[in-house]
Amino acid sequence: MGRSQRKLLAEEEYLHKQALSMALHQHQLSQRFEGSMSRRIGSTSSRRRNLPDDPISNEKQAPDFLEKMITKKFILIHGEGFGAWCWYKTIALLEESGLLTTALDLTGSGIDLTDTNSIATLAEYSKPLIDHLQSLPEDEKVILVGHSSGGACISYALEHFPQKISKAIFLCATMVSNGQRPFDVFTGELGSAERFMQESKFLIHGNGEDKPPTGFMFEKEQMKGLYFNQSPTKDVALAMVSMRPIPLGPIMEKVSLSPEKYGTGRRFYIQTLDDRALSPDVQEKLVRDNPPEGVFKIKGSDHSPFFSKPQSLHKILVEIAQIP
């Protein structure tokens, strides 16, 4: 790597950190936002568990709901193009609640410097998550949260490390069935995989124009329309300087999932009801085809993990963590 390239990467990393710092500061200054959400556990007639209205604002209540949790550690997995930085609101809220939270950069994402054109498989893409699970103490379990195509990564982890995962939460995510490709979930917006590979103007040919495409990246206006139609302007600005190209190999790979491993995991799904990248109808079909233990819905929320209603996501995550 040449000196000029190293300098460019250092400046880019510094810019990302500065943007994240500014976003965190703005979040701390913002007023509490009341989200609107609904849920179902098992069946639509299930009664809602009573949670503190705002567990982070009442320190006396915090130990009460924490004591109910067997697993208090969340691992947050971003979706395509994003990085660990996209979870800054969720990290702040969970940690203020006394919960342990780790957000990971998948390979070639965030500030991981791996060339996205070199990532050909879901195993390579998910390696930071797998390495983290392998490093956990033998008796420790975690709650995984996967956003968008990060759902395929937590499905992969459930298949290979079911004993390390207490619960898996799919946030407007690709909760695929056995033999399905993560890309197949997005065909309503992007068209078939075959057509996308042949015609999309967003493709990246990292190995040469005469070779198969290695990744893709939407233009800013497409990203804003698909991901951030309800997001605050400051969050969109952060994303525009932080998004990375998306490796094609991992999302075009058919995922192998077995009933003995993946099938024994405890899965929950959070639907986003104003989502343009993964429509509510598509999310509902994912739930029907591959039923999880519980389903939650956040009204007025787009496909961004920032969310216009971060308090709603926080409350749902805390609630799922409390489910015995």
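Data overview
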{"quantity": "Hits in the stretch 259-280 (condition: free of Cβ contacts under 8 Å to residues at least 24 places away in the same chain and not in a loop (DSSP other than H, G, I, E, B))", "calculated": "263, 280"}
{"quantity": "Selection count, the stretch 237-290, where residues are of a type in the set (Gly, Ala, Ser), modelled with pLDDT of 95 or more and crowded, with 19+ Cβ neighbours inside 10 Å", "calculated": "1"}
{"quantity": "Number of the exception - residue 106 against (1) open to solvent by less than 30 Å² (accessible area, probe 1.4 Å); (2) touching a residue at least 60 places away in the same chain (Cβ under 8 Å); (3) assigned to a loop (DSSP other than H, G, I, E, B)", "calculated": "(2)"}
{"quantity": "Test: residue in the stretch 300-316 that is of a type in the set (D, E, K, R) and in a helix (DSSP H, G or I)", "calculated": "yes"}
{"quantity": "Residues of the stretch 205-241 that turn out to be of a type in the set (Gly, Ala, Ser), more than 22 Å from residue 124 (Cβ to Cβ) and without any contact (Cβ under 8 Å) to a residue 40 or more places away in the chain, as a count", "calculated": "0"}
{"quantity": "Residue that is least open to solvent (accessible area, probe 1.4 Å), among those in the stretch 215-236 that are farther than 23 Å from residue 201 by Cβ and assigned to a helix (DSSP H, G or I)", "calculated": "235"}
{"quantity": "Count of the stretch 129-177 residues which are open to solvent by 30 Å² or more (accessible area, probe 1.4 Å) and either in a helix (DSSP H, G or I) or hydroxyl-bearing (Ser, Thr, Tyr) (or both)", "calculated": "9"}
{"quantity": "Scope the stretch 200-223; condition of a type outside the set (S, T, N, Q), in contact with a strand residue (DSSP E or B) (Cβ under 9 Å, 6 or more places away or on another chain) and under 17 Å from residue 277 (Cα atoms); matching residues", "calculated": "202, 216, 217, 218"}
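Okay, residues lined up against (1) touching a helix residue (DSSP H, G or I) at 6+ places or on another chain (Cβ under 7 Å); (2) at pLDDT 95 or above:
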residue: 121; (1), (2): yes, yes
residue: 125; (1), (2): yes, yes
residue: 132; (1), (2): no, yes
residue: 139; (1), (2): no, no
residue: 153; (1), (2): yes, yes
residue: 168; (1), (2): yes, yes
residue: 176; (1), (2): yes, no
residue: 181; (1), (2): yes, no
residue: 186; (1), (2): no, no
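The values are calculated or read from the model by the stated rules, or taken from the named source; none is laboratory data. What you are looking at is a predicted structure, and each value in this text was computed from that prediction instead of being measured. So basically every Cβ, Gly included, is an ideal-geometry build from the backbone, and we count neighbours across all protein chains shown. In case anyone asks, the SASA skips ligands and DNA or RNA and just uses the protein heavy atoms, side chains included. Shrake-Rupley method; radii C 1.70, N 1.55, O 1.52, S 1.80 Å.
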